[in-house]
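The values are calculated or read from the model by the stated rules, or taken from the named source; none is laboratory data. Here the structure is a predicted model, which is why all the values come from computation and not from measurement. Cβ placement follows ideal geometry from the backbone for every residue including glycine, while neighbour counts extend to all protein chains displayed. Quick note on the areas: whole protein, heavy atoms, side chains included, nothing else; ligands and nucleic acids left out. Shrake-Rupley method; radii C 1.70, N 1.55, O 1.52, S 1.80 Å.
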Amino acid sequence: MPLAEHLRELRNRLAKGLLAITVVSVVAAFYSQDLMEFLADPVPRCEPGMKVTGGHCAKVTFNDLLSPFTTTVKVSLMVGIIVSSPVWLYQLWAFVAPGLHKHERKYTYWFVAAAVPLFFGGAWLAYTILPVSMRVLLGITPDGAENLLPMDTILDFTVRMVLIFGISFELPLLLVMLNMTGMVTGRRMATWWRGVVMGVFIFGAVATPTTDPVGMIALAGPIVVLYFMAVGISLLNDRRRRRNDPDAALDDDEASDLDLTPEAIDEIESVSAPKALPEQAGTGRADHRVNGFDDVT
């Protein structure tokens, strides 16, 4: 296509994706009350008769007049982006796919098929440990003080945890894709395990908004398990690659092994020489030929 046609197609596909997000967000706005209850459910609420001071419970509040409206817009937009993701992701794929080779499309299908459940698995784990993390954080509150949690703060905290866990679960998949493209071998990945385990736990301690060890272990533990699974898959892929191509593991500037063993030659076959030279034209002398050659040649 000419450049103008590409830009026109990009505009149309972006418009379709934004339209899908807008429609779903408008529908989600009618259920914003239920959605906010779902997001605030991990917060230990102060029930009647409970001690409201200290780290026993918290009250969900709105700090200003516009806070309910802005929080509703945030929640609706977030749901619109997530629920309509099949539509705008397809529009993005339809724009990029014509420029990919057949094997690149195959790798993309496998990547998407594995990336989606990994992300939602991380998001589900983040939402599962949110009540524990919130109780640990609220437990630091001294006696005599109450916990008033703004709804927009709870929303930001929940979304941050979900995104961190979901994106972190994609790291092993990225390693497998690097192995599929030949950039790193499974054996090389296996030698990194000490540094990877240490780095993942440090990342879990820094990336999670909570300061408790529960969030760090909940994030780092599954990633370490997925990392070793990625190493196993890469080793199997390397074995398959070596079986199909013995020189697949060589670098671009590394020579392959050559078999320089000399092979046995067959028995010499006698071939009659043509009468091309004067000495071979039959001048009356006796010809002394051996294997078709005379003493002249």
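Every test in (1) surrounded by 14 or more Cβ atoms within 10 Å (Cβ to Cβ); (2) in contact (Cβ under 8 Å) with a residue 40 or more places away in the chain is passed by Leu10 save one, and that test is (1). Here region 108-143 is the region considered, the condition is being more than 18 Å from the chain's Cα centre (by Cα) and hydroxyl-bearing (Ser, Thr, Tyr), and the residue that is least open to solvent (accessible area, probe 1.4 Å) is Ser133. Taking region 19-40 as the range and being over 21 Å from Phe157 (Cβ atoms) and either touching a Ser or Thr at 6+ places or on another chain (Cβ under 8 Å) or surrounded by 15 or more Cβ atoms within 10 Å (Cβ to Cβ) (or both) as the test, the residues that pass are Ala20, Ile21, Val23, Val24, Ser25, Val26, Ala29. Taking the conditions (1) surrounded by fewer than 14 Cβ atoms within 10 Å (Cβ to Cβ); (2) assigned to a loop (DSSP other than H, G, I, E, B); (3) at pLDDT 80 or above in turn, Val43 satisfies each one other than (1).
Out of the residues in region 82-93 that are out of contact with any helix residue (DSSP H, G or I) (no Cβ under 6 Å at 6 or more places or on another chain) and closer than 20 Å to Ser32 by Cβ, state the one that is least open to solvent (accessible area, probe 1.4 Å). Give the steps one after another, and end with the answer.
Let us first name the residues in region 82-93 that are out of contact with any helix residue (DSSP H, G or I) (no Cβ under 6 Å at 6 or more places or on another chain), namely 82, 85-86, 89-90, 92-93.
With closer than 20 Å to Ser32 by Cβ added as a condition, the list becomes 82, 85.
Working: Ile82: 90, Ser85: 25 Å².
Taking the candidates together, the pick is Ser85.
From the list Asp238, Asp156, exactly one residue is of a type in the set (Asp, Glu) and buried (at least 18 other Cβ atoms within 10 Å of the Cβ). Which is it?
After applying the criteria, what remains is Asp238.
Residues in region 52-84 that are among the aromatic types (Phe, Trp, Tyr) and either in a strand (DSSP E or B) or at pLDDT 85 or above (or both): Phe69 only.
Residues in region 246-253: is at least one farther than 26 Å from Ala123 by Cα, at pLDDT below 70, part of a helix (DSSP H, G or I) and open to solvent by less than 70 Å² (accessible area, probe 1.4 Å)? Please lay out each step first, then the result.
Start the filter on region 246-253 by keeping residues that are farther than 26 Å from Ala123 by Cα, which leaves 246-253.
Remaining after also requiring at pLDDT below 70: 246-253.
Filter again for part of a helix (DSSP H, G or I), leaving none.
For region 246-253, residues farther than 26 Å from Ala123 by Cα, at pLDDT below 70, part of a helix (DSSP H, G or I) and open to solvent by less than 70 Å² (accessible area, probe 1.4 Å): absent.
Could you tell me whether region 166-188 includes any residue that is surrounded by fewer than 19 Cβ atoms within 10 Å (Cβ to Cβ), under 23 Å from Val75 (Cα atoms) and at pLDDT 80 or above? Taking every residue of region 166-188 in turn, at least one turns out to be surrounded by fewer than 19 Cβ atoms within 10 Å (Cβ to Cβ), under 23 Å from Val75 (Cα atoms) and at pLDDT 80 or above.
Among the conditions (1) open to solvent by less than 70 Å² (accessible area, probe 1.4 Å); (2) in contact (Cβ under 8 Å) with a residue 60 or more places away in the chain, Val96 misses just one, which is (2).
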